[in-house]
Structures are given as C-alpha cells and as structure tokens.
1. Run the accessible area of the range 37-107 with a 1.4 Å probe and give the carbon-and-sulfur part as a rounded percent.
2. Taking the alpha-carbon distance from residue 116 and a cut-off under 19 Å, which lysines remain once sequence neighbours fewer than 8 residues away in the same chain are dropped?
3. Within straight cross-link reach of residue 39, meaning Cα distance under 17 Å, which lysines are found once same-chain residues fewer than 8 apart are removed?
4. Given N residues in the range 1-133, what is its alpha carbon radius of gyration divided by 2.2 N^0.38 Å?
5. About its Cα centre, what dipole magnitude does the chain give when the only charges are +1 on Lys and Arg Cβ and -1 on Asp and Glu Cβ, stated in debye to the nearest 20?
6. Where does the chain land at 222 nm, in deg cm²/dmol rounded to the nearest 500, when only DSSP H runs of n ≥ 4 count, each adding -39500 (n - 2.57), divided by all residues?
7. So how much slack lies between residue 16 and residue 33, counting 0.36 nm per residue of separation and subtracting their Cα-Cα distance, in nm?
8. Just going by the charge dipole of the chain, with Lys and Arg at +1 and Asp and Glu at -1 on Cβ, which of 66, 108, 29 is farthest out on the positive end?
Amino acid sequence: MGNTIESLLGKREEILREISGLGEFRRGTVSASYRKCGKPGCRCAREGEKGHGPQYLWNGTKGGKSFAKNLHLGEEVEKYVQETEQYRRFIGLCEKLVEVNEKICDATPVREVQDKQELDELKKKLQRKLLRKRERR
C-alpha cells in the first residue's frame, strides 16, 4: 500500500477496527514484590533469600493521583495482567492512528484562494479565532 489518501483511509479504518476489538483494558502495571519480616530467625533473614512473597500489586494513576490494589494469586492476577497488556496495546494503536491521521492531513490538498477579498476575510476570521483562543488561557 502506498501513501495515497485512499490507502491511508483504509489503514485508519483497520486501526479503528483493531481498537474496537480490544475488549476490556485498564491502565497501570502489575508487579510482584518480596518483603523481609525482620525476625532474625526467619528464613527471609538468610543471606541470598528474597523474602516472603511474592505479593502481587496493581499500580495505576488517574488525574495525577496514584492508586494501588493488592491482588490475589491466580485468576485475579492473570486478569489484571491481561487488562494492562491490552491497555499498552491500545496506547500503541492510538499512536499509529495519530500518525496515519497526520499523513491524511498532509495528503489532503489545500484549496487555493484566488480572490483578494476572500483572502482578506479569511485573514480576519483567523485573527479573531486565534485572539479568542489566547484570551481563554
């Protein structure tokens, strides 16, 4: 496939179909951690020992706030691992979608303005729009 508008539109539709078929996903990561209890006679105190565990934990952020949840070994851990992997796949597909859309934008021809009066009107309209945008900030 080349970079014609038609092929790019087809690629965009393909990416959107992939996104719609992802199913459930969640942001964050799943990690396994080991801890030492601090008792001198415990096996975790021996040299080279990882410690007690593993304990599985899901971590995520939303709106700048961190969330964490302890996960139970088995189905819950597997579910969270699959959902976070699907989220990473979703993010990758979104990146591809933006790239394809940018190529579509670049390939779409811009209409030439022939009339000076129309050009002046477009300039005024653009200036008003940009000033309103700046004032909102």
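1. On the way: 2670 of 5200 Å².
Reported share for carbon and sulfur atoms: 51 percent.
2. 124, 125
3. 50
4. Details: Rg = 26.4 Å, N = 133, 2.2 N^0.38 = 14.1 Å.
Rounded to two decimals, the normalised Rg is 1.87.
5. Values: 31 positive and 22 negative charges, 223 e Å.
The calculation lands at about 1060 debye.
6. Values: 3 runs with 70 residues, N = 137.
Computed ellipticity for the chain at 222 nm equals -18000 deg cm²/dmol.
7. Working: separation 17, 0.36 × 17 = 6.12 nm, distance 3.69 nm.
Full extension from residue 16 to residue 33 adds 2.4 nm.
8. It is 66, whose Cα lies furthest towards the positive end.
The values are calculated or read from the model by the stated rules, or taken from the named source; none is laboratory data. Since the structure is predicted, the reported quantities are computational estimates derived from the model, not experimental observations. So basically every Cβ, Gly included, is an ideal-geometry build from the backbone, and we count neighbours across all protein chains shown. Protein only, heavy atoms only, side chains kept; ligands, DNA and RNA dropped before computing areas. Shrake-Rupley method; radii C 1.70, N 1.55, O 1.52, S 1.80 Å.
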